[in-house]
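**Q** I'd like to ask some things about the structure below.
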Amino acid sequence: MIPRDIIEKIREKNDIVEVISEYVNLQKVGSNYRGLCPFHVETSPSFYVSPQKNMFHCFGCGASGDVIKFVQEIENISYVDAVKKLGERVGISVAYTEEDAQRSKYYEFYKTLHEQYKSQLSKNQQVVDYLTKRGYSLREISLYEFGFAPIDSKIPQQIAQKLGITKEELEKFGFHHTDPFSGRLIIPIKDDFGRVIAFGGRLIGEGTPKYLNSQDTIAFKKSNTFFMYNVAKEHIKEVDYAIICEGYFDALAFHRAGIKNAVATLGTALTKSHIYKLKRLTTNIVLAFDSDSAGIKAALRSIEMLIPEGFNVAIALFKEAKDADETYSKYGTPGLMEVLDNGTNAEKFVVEAFAKQYELSNPSGFNLFVRALKQWNNIFSTNPKSLEAFYEYISQASGLKKDELKNIFSENSLKNTNHQKGFKNSYDVITTQKQPIAKKVPTTEDYLVYIYFNYPELFKEIDFSPELLEGKAREFFLIAKDLNVLPSQLSKDMGAFVKEALEKIDMEVDDKVVEYIKKDLESRKIDKRISEIDNLILKAKSKDEKDILLKARMELIKQKQKIKRSSK
């Protein structure tokens, strides 16, 4: 176990705002910071970071914790590894643990297994011939450390027995009673530091699946691992852009061509973990996916994730071949360089992808085209330059002027929009989308919640009784008013209420706002007293008693009018 005092020291030395800012774009709000949650998809920021409390909390998905928990979740690593990573960041070394012992055994197992797979490759000429037919020289076969798992292989079990690894441990390492890679070409998958942590297997001959990856283990997660990242990371920093491919051989094609800033996902779509890993190196991305429909869809999904995170995205277009591997095989390094040089930007790619999908010369096709691009308007709106370029490309494809497009995307009903260039007839564009719910005007209750979490010092200046509040706010402040309630302590229902209140406000709170709230609360206090007096008047037993109550009521009304005049 890691000593508690070491953990606390690492936690204290790592500024939670600085650490999280390496992954999330944060905006200062009072004494807190907020941004889009990295753990779920959202369009309104509900992810808050409190430097005073050294914690983060998302009111949308409920993710919450300290700086160690954040790194553990965002990197998809163990608690121990998160502590170590943060320790390295501030120059604190962490002592060896039991988990380290298991991981050391894991790395030794995979290293030995990989060596055995490599030794088997030279014994199987069919597999060597397969690689040479794909253009790999013997030097490259050795350089990229290909291997082979013979049919009915028991190599993993034999190595486990030799290293004293139990069946239970072997299962945690990703192997059971058989070798899932039997009969397959072996491609080593390495971690950020060059250690073999998994394998990819390519079937030689007929059968399915053609490609197979290791299952997730204690050291390998597909969702945050890139193939060739250990080699590419320094090159990505140097040239300030990364090339993302979908397959091993596509990434290897770029590396063979001397373009070593290429990586590949491992049978999964691009994830937020992938994105944050690259964001520490560059904000410029080239997507080099296959030219077929599946590749186009994958590129669109990736663009949708990358643009809101502040990336500049280009797409490599494979016109003379289906992918990077085939391009290199046919045209060598010049072919791949030409593909990169002739790439297109994300805005143009999106418009052209949908323009090809719909028949723009008829009303129905044009209507579907516009509706499909409306969601992309929201995505590109995070960058004004991207949005302008997006409008320009739609204008070129549709014949609509940019001002018309801006009106279309800002309205619910897209009507009376005449297209001009390239269209035979004029027609109205009408969407069947439901009208979005207008953003509600913040109430005093909303402001109190917002100030409570983001401006604790200002909140102390506001003296009020929770009984003056309405709905959930009354329930919340009956509990929280005089306590330092943490977001993670809220029930799911109360968390949803707080999230809704926070989403209504996006502004700096100053003395004027606080004064407005104080006056509104004072006015409510008077209303409450007037209501009480009205009940007493109904119960009054004498004229004198009634007159006294009426006089008191008039005084309260005058006070309320005075408050109202001072608020103007």
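The values are calculated or read from the model by the stated rules, or taken from the named source; none is laboratory data. Worth saying up front: this structure is predicted, and the values here are computed from it rather than measured. Because the Cβ atoms are built from the backbone with ideal geometry, glycine has one as well, and the counts that use them run over all protein chains shown. We work out accessible area using only protein heavy atoms, side chains counted, and drop any ligands, DNA or RNA first. Shrake-Rupley method; radii C 1.70, N 1.55, O 1.52, S 1.80 Å.
**Q** When a/c is below 1.5 the answer is rounded, else prolate if a/b is larger than b/c, else oblate, so apply that to region 345-393 with a ≥ b ≥ c taken from the square roots of the Cα gyration tensor eigenvalues.
**A** Prolate is the answer for region 345-393, as a/c is 1.5 or above and a/b outweighs b/c.
**Q** Here are a few candidate values for semi-axes √(5λ) of the Cα gyration tensor in Å: [x] 57, 35, 18; [y] 38, 29, 25; [z] 40, 29, 21. Which one was actually calculated from the structure I just gave you?
**A** [x]
**Q** Follow-up. How far is the Cα center of region 445-495 from the Cα center of region 248-290, in Å?
**A** When both Cα centres are located, 46 Å separates them.
**Q** Oh, and also: Decide, for region 72-142, between rounded, prolate and oblate: order the square roots of the alpha carbon gyration tensor eigenvalues as a ≥ b ≥ c, take rounded if a/c falls under 1.5, and otherwise choose prolate if a/b is larger than b/c, else oblate. Each step should come with its number before you reach the end.
**A** Details: a/c = 3.79, a/b = 2.55, b/c = 1.48.
The shape class here is prolate.
**Q** With a 10 Å radius around each residue's Cβ, average the other Cβ atoms per peptide and rank 122-134, 376-388, 34-46, highest first. Show your work: numbers first, answer last.
**A** Values: 122-134: 14.4, 376-388: 16.1, 34-46: 18.3.
Result, highest mean first: 34-46, 376-388, 122-134.
**Q** Give the peptides 521-530, 253-262, 184-193 in descending order of average Cβ contacts within 10 Å, highest first. List each step's numbers first, then the result.
**A** Values: 521-530: 16.3, 253-262: 22.3, 184-193: 20.0.
Descending mean neighbour count gives 253-262, 184-193, 521-530.
**Q** Sort Asp463, Asp511 by accessible area with a 1.4 Å probe, largest first.
**A** Details: Asp463 140, Asp511 110 Å².
Largest to smallest exposure gives the sequence Asp463, Asp511.
**Q** Now, a different point. For Cys61, Cys245, write out the residues from largest to smallest accessible area, computed with a 1.4 angstrom probe and no ligands counted.
**A** Details: Cys61 65, Cys245 0 Å².
Reading off the accessible areas and sorting them downward yields Cys61, Cys245.
**Q** Ok, one more. Accessible area of Tyr455, 1.4 Å probe, to the nearest 10 Å²?
**A** Probe radius 1.4 Å; accessible area of Tyr455 about 20 Å².
**Q** Calculate what fraction, in whole %, of the accessible area of region 443-547 sits on carbon and sulfur atoms when a 1.4 Å probe is rolled over the protein chains. Write down the numbers at each step before the final one.
**A** Details: 3020 of 6110 Å².
Result for region 443-547: 49 percent of the exposed heavy-atom area is carbon or sulfur.
**Q** Please work out the Cα center distance from region 510-528 to region 312-360, rounded to the nearest Å.
**A** A separation of 60 Å, based on Cα centres.
**Q** If you don't mind, there's one more thing I want to ask. Quick one: grab the alpha carbon gyration tensor of region 273-371, order the square roots of its eigenvalues as a ≥ b ≥ c, and give me rounded if a/c is under 1.5, else prolate or oblate depending on whether a/b is larger than b/c.
**A** Numbers: a/c = 2.46, a/b = 1.25, b/c = 1.97.
Here region 273-371 falls in the oblate category.
**Q** Further, regarding this structure: Sort by residue number and report every cysteine in the chain with no other cysteine beta carbon within a distance under 4.7 Å.
**A** So far as the 4.7 Å Cβ criterion goes, Cys61, Cys245 stand without a partner in the chain.
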